[in-house]
1. Check Val594: other-chain or 5+ apart residues with amide H under 5 Å from its amide H, H built from backbone geometry?
2. Across every pair of different alpha-carbon atoms, what Kirkwood hydrodynamic radius in Å does segment 289-342 reach?
3. Using amide H atoms built in the peptide plane, which far-off residues or other-chain residues are under 5 Å from Val195 H to H?
4. Rounded, prolate or oblate: pick one for segment 521-628, where a ≥ b ≥ c are the square roots of the eigenvalues of its C-alpha gyration tensor, a/c under 1.5 means rounded, and failing that, prolate if a/b is larger than b/c, else oblate.
5. Let a ≥ b ≥ c be the square roots of the eigenvalues of the Cα gyration tensor of segment 329-433; is it rounded (a/c under 1.5), or, if not, prolate (a/b larger than b/c) or oblate?
6. Taking all protein chains in place and a 1.4 Å probe, what share, in percent, of the accessible surface of segment 170-313 do carbon and sulfur account for?
7. For each pair in Lys359/Lys549; Lys399/Lys451; Lys638/Lys757; Lys319/Lys686, compute the distance between the two Cα atoms and list the pairs where it is over 27 Å.
8. Give the residue from Leu333, Ser317, Tyr367 lying farthest towards the positive end of the charge dipole for segment 293-378; charges sit on Cβ (+1 for Lys and Arg, -1 for Asp and Glu) and the dipole is referred to the Cα centre.
Amino acid sequence: RYPILCYYLVYCTAPKYCNHCYHQHLEALATCFFFLTTMVRFEATALAALALYLPASSAADRLRGSSPSSPQEAVVVTTSVEENNPFIDIQRAGIDRSLASIHVESELSFVSDEQLGALGEYISRYSVDGNTDIPETCPLDYEGDVDPYHPDSYTTLGSGRSLMGEMDMDQEMEHSHMHYVQSECNAMLDMTTCVDWSLWFDTNNITMSSEVKIPCGECVTLDAGPGQDMEGLTLEFEQGLNIVGKLVIPSGADIQLLTKYVFVQGVLEMPPPPAGTPISSEDSGPKVKITLYGTEEVIFNPDEATENSHKGGEAVSAKAFVVAGGRVDVRALDPGCPGWVKLQSVTYGAALPNIALNKPATQSSTYNNAGDGASSAVDGNYNSFTHTNCWQGINQWWKVDLEDVYTIASITVGNRLDCCGGRFHDATFSFYDENDEEVYVMPTSGGIGNKKSFSVGASIDARYVKVTIGDQDCLQIGEFEVYGWKASEGPLENVDRLHVGEEAANCWKSPGSRIMLTSDTYEWDDSHIEVVADVPSEPGTIAVYPLTKKKSAVDETFGYPDFAVEVALLDRSLIIEGAKDEGEFATLGGHFIVLHTPHVHQHLEGALLQNMGQQGKLGRYPLHFHMSECVHGSTLSKNVIWKSNQRCVVVHGSHNVTVSENVAFDTKGHCFMLEDGGEWDNVFYKNLGAKVGRLPRGVPRAEETDFFPSVYWITNPSNDFIGNVAAGSQGPGFWHELKLRAPSSELEINNHGMNPKALAQKTFKDNASHSSGFRAGFTTYETGYLAPPGTVWENIKAYKNKEAGLFQHGTANIDFRGGLLADNGQAAHNFHHDNAIYDGTEVIGRSEHMQFLIDQGRIGDHCKTGGLSLQP
């Protein structure tokens, strides 16, 4: 085949190493392939896969004798791909790449330089003899005994350069020592017959006191599917689970694993469920739950049967899920299920009653006179208020007796209106049963303004509700409203119907599922959780218990559908969680890390990660690629990160990861982030982050800026950000804080001195930010961005941000092309921004949608300054 011919021609002639992964190799491939394009017509599906964008091939430029082609030049292909779909997911190829520049017509007419360079990449990686399976390494040309599966075997290449570049032997051995490689004893795993867990291990022993290990070269299936021996069991591994061979968790499995750690040195595999399978809720449907527990430091020691055994132990902290030299291939939901959608419309049912009105109430103390007593918070009058004594010790409280057991859906707290509203903040709501025993605790953060609603989730049955503040100030409440129904009756007629589209409705319909709706106001934390009711619904809709508050849908946004809230399912059929501890370990969650494992295609799709991240511990995050360098084809997709103690998805010293359609909610610190600035060619596509709160100052270390958390923290512009939404943070939505730090700065790819502030921006398009609480929806403060001329941020949208929509500082040459700036404190603040261009950007001071919300009393009438400002 011509692709094979091209590959082997270049295999013998290409440059032996390049700093930027393998782009010099690609130039030679592209040069070869330029000639082949005149000799063969490619099938449509191959062309669609090949037209991936990568830097233009300078070799192709020399052949043509011309400058690189303009962005308008594109490949025209025959294909069945939808013309309006800007993204094609080639799952078997393990990559997602934008194909927005491809026009669907009848015949091949022109191949641009970008696409020609990408063509060579595809040939070298995926098309040998028609095989689209992922090779386990990036393509490396080598001579002698160098094995790309074992890069720590040092050999000098024919060019006189080592495999790792211009390092001396000591440097290279130190560098390669950090990497874990795949093991030859697992080379035949795909042909190995898997044995059921119930046959391999003693199923009568559900608590195992020593480490449970699947040996290298062996395959075990966790037979916990419907009707199988392990279904519904809870297994405990007191000394951890070590997957050196292969563990398969079948689709539809129902089991809980309690373990100190999970090590993946071999393969962890979970195939996707059948098409049309709804996602299980917390209360119904099969689930695989992996609970990481313990507070003591865990040491990862490579197994003696692997090629990594000489590397010694490495501390990985408690509650660790570590992939080191292994591979995760987890696809835990129907790939047709969306990660999130826009709310199309709402059909409201009957309103729930305020079940606290005129009910008996008590409080910790009463200030001055009976008029400020506890009953003032349930008298229906917002102009009266409760008032406890001031400075009487911490934990001032107020409590209401509902006089029966109710299922509680939401709480609304009205503040004291004449003054002192800041006293009500960081409250904790506690719920008690008919015996006055605590059944649930719901902490909150921040103040409430004049009034604020809190969703409880319609999953708590309680008679008493108590609110506590954690400092010595007075507790003052204007009105305390509780909405719900008698637990014995059920609210079958009191449901609201959310119109979310058929794909989402079919996947999210399990009763008890938790649905998150983002903020449509200036408040960063004005998002809510609602619960799917066990009520039949029409196609494209889901029935939920009555909404905590009305939310903006597309049908009421006056022609601006972006103003509608985002809707996401928080449940998943695979749960990875950190066990909840108390006291000094209260913020010690679990963490998932791909550790020093280059050239391995990781795939994690459809998992819920809750109580993950370890506050104050650097490198301990919910999802984390750590110093793994080239990991082509690796994908994190449609996962949920909920209640993270520290950050969300962190790519550190790793390249070519695709992070797509993930949802992060109620997290702390920067959320989706590039940690050091030494990360290249990663793709962040259509992710959603909401209610992103701050970490304490100096956490996880003094130089970090997580006290002003951004949903997307970008330290290197040479990565793609397409279609992402920041839907509420205490800091900016998107923050280009460009910097290069160790240890990523020491990687050869970064040339020991590369400056991210001067790098070209890869695709930055269709991103949106709303409801950010500080500085701006998009900002380059304070490091600035001296972008190359012609840098484009396309169709970005910033609306209902408390301060600016855009705040550019110490920046140059950004062309804002299209997009929308609406209802912000200020549309755009250009502070030392030279050569800024606004081309076709729509600026709205107050939109019709904003006025509609004001008229309905759903948002305060805040006077905003609007406009664009230029500050030299």
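1. Placed amide hydrogens put Val323, His624, Phe625, His626 under 5 Å from Val594.
2. Values: mean 1/r = 0.0695 Å⁻¹.
Roughly 14.4 Å, rounded to one decimal.
3. Cys219, Val220, Thr221
4. Working: a/c = 2.04, a/b = 1.82, b/c = 1.12.
Cα axes put segment 521-628 in the prolate bin.
5. On the way: a/c = 2.37, a/b = 2.02, b/c = 1.17.
Prolate is the answer for segment 329-433, as a/c is 1.5 or above and a/b outweighs b/c.
6. Numbers: 3070 of 6380 Å².
Roughly 48 percent, rounded to a whole number.
7. Values: Lys359/Lys549 23 Å; Lys399/Lys451 18 Å; Lys638/Lys757 31 Å; Lys319/Lys686 29 Å.
With Cα atoms farther than 27 Å apart: Lys638/Lys757; Lys319/Lys686.
8. Tyr367
The values are calculated or read from the model by the stated rules, or taken from the named source; none is laboratory data. Please read all numbers here as calculations on a predicted model, not as lab measurements. Positions of Cβ are backbone-derived with ideal geometry, glycine not excepted, and every protein chain shown enters the neighbour counts. Accessible surface is based on the protein model in full, side chains and every heavy atom, while ligands, DNA and RNA are left aside. Shrake-Rupley method; radii C 1.70, N 1.55, O 1.52, S 1.80 Å.
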